[in-house]
Amino acid sequence: MIWCVDDDNTIRDIEVYTLEQTGFEARGFADGVSMLEALKTEIPELIILDIMMPEMDGLQVLAKLRSETAYKDIPVIMATAKGTEMDKIGGLNSGADDYLVKPFGVMEMVARVKAVLRRTAKEEATGGITVGNITLKETEHKVIANGEKVELTHKEFEMLKLFLQNPNMVFSRDKLMSEIWGMDYIGETRTVDMHIKTLRHKLGKAGGQIKTVIGVGYRLESEV
């Protein structure tokens with residue numbers, strides 16, 4: 001069951017209809033308050049949550065979800081009409097799994113829903129994501145490298161998670177800025193290089209799995 005939370009009736013109805021036509025069960029809510037009330041009797045597989053809503057905005061609702069043990073692991077995709085840097089950063093830093101910028105295509109929405117569900121299902125089935133000598137457990141915010149626990153900052157954790165979810169895929173610096181910092185970054189990419197450097201250092205020997213692709217960016221190799 002996918003829940004769509006949006007105070008715009010037309011958008012909400014289109015989201016629900018599209019999901020149902022692509023094989024999902026879906027339910028719509030006009031505001032976060034009614035959705036939080038419904039959680040007392042049912043837990044959805046995923047929530048598509050609009051940011052700009054009356055009474056409680058989407059970020060407040062997300063904060064409520066992440067603060068409750070029973071709801072903290074529900075995958076959430078934030079939807080924002082603004083598409084601004086701060087909206088994206090706010091959603092991702094508050095624990096959103098992905099975001100959509102309005103106006104978005106309905107098939108993009110479906111693709112993102114499927115991608116997030118695949119990621120969460122993989123983690124639940126394996127107790128974490130493991131590639132080579134690195135294991136990441138998102139629900140526990142824990143990383144194990146070479147059998148030892150590694151302490152990472154939020155951005156380092158998110159970057160490593162992206163690499164582990166997409167082993168052997170090459171990410172440009174601009175793509176990493178967009179995915180991790182939640183914005184379309186133009187110009188200086190030294191921030192990415194510095195985070196890669198510290199991430200490799202903290203991972204120790206396992207940090208060697210993160211390879212530099214000269215002239216392109218970085219990738220995490222699945223083979224050790």
- line: Checked Asp50, Asp7 against criteria (open to solvent by 20 Å² or more (accessible area, probe 1.4 Å) and either in contact (Cβ under 8 Å) with a residue 40 or more places away in the chain or within 17 Å of Pro75 (Cβ to Cβ) (or both)); the one match is Asp7
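Residues are listed down the side, and each one gets a yes or a no for (1) modelled with pLDDT of 95 or more; (2) small (Gly, Ala, Ser); (3) part of a loop (DSSP other than H, G, I, E, B):
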{"position": "Asp7", "(1), (2), (3)": "no, no, yes"}
{"position": "Asp13", "(1), (2), (3)": "yes, no, no"}
{"position": "Gly28", "(1), (2), (3)": "yes, yes, no"}
{"position": "Glu37", "(1), (2), (3)": "no, no, no"}
{"position": "Thr41", "(1), (2), (3)": "no, no, yes"}
{"position": "Ile47", "(1), (2), (3)": "yes, no, no"}
message: Just to check your reading of the model, which residue among Leu59, Leu36, Leu46 is more than 19 Å from the chain's Cα centre (by Cα) and farther than 18 Å from Asn9 by Cβ?
response: Leu36
- request: Go through Glu188, Glu223, Glu179, Glu138 for me and flag whichever is open to solvent by 70 Å² or more (accessible area, probe 1.4 Å), among the acidic types (Asp, Glu), in contact with a Gly (Cβ under 8 Å, 6 or more places away or on another chain) and at pLDDT below 90.
  value: Glu223
Lone qualifier among Thr198, Thr212 - being modelled with pLDDT of 90 or more, more than 27 Å from Ile47 (Cβ to Cβ), out of contact with any Leu (no Cβ under 6 Å at 6 or more places or on another chain) and surrounded by 14 or more Cβ atoms within 10 Å (Cβ to Cβ): Thr198
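The values are calculated or read from the model by the stated rules, or taken from the named source; none is laboratory data. As the structure is a prediction and not an experimental result, all values here were calculated from the model. Here the Cβ is made from the backbone with ideal geometry for all residues, glycine too, and neighbour counts use every protein chain on show. The accessibility values were calculated without ligands, DNA or RNA, using every heavy atom of the protein model including side chains. Shrake-Rupley method; radii C 1.70, N 1.55, O 1.52, S 1.80 Å.
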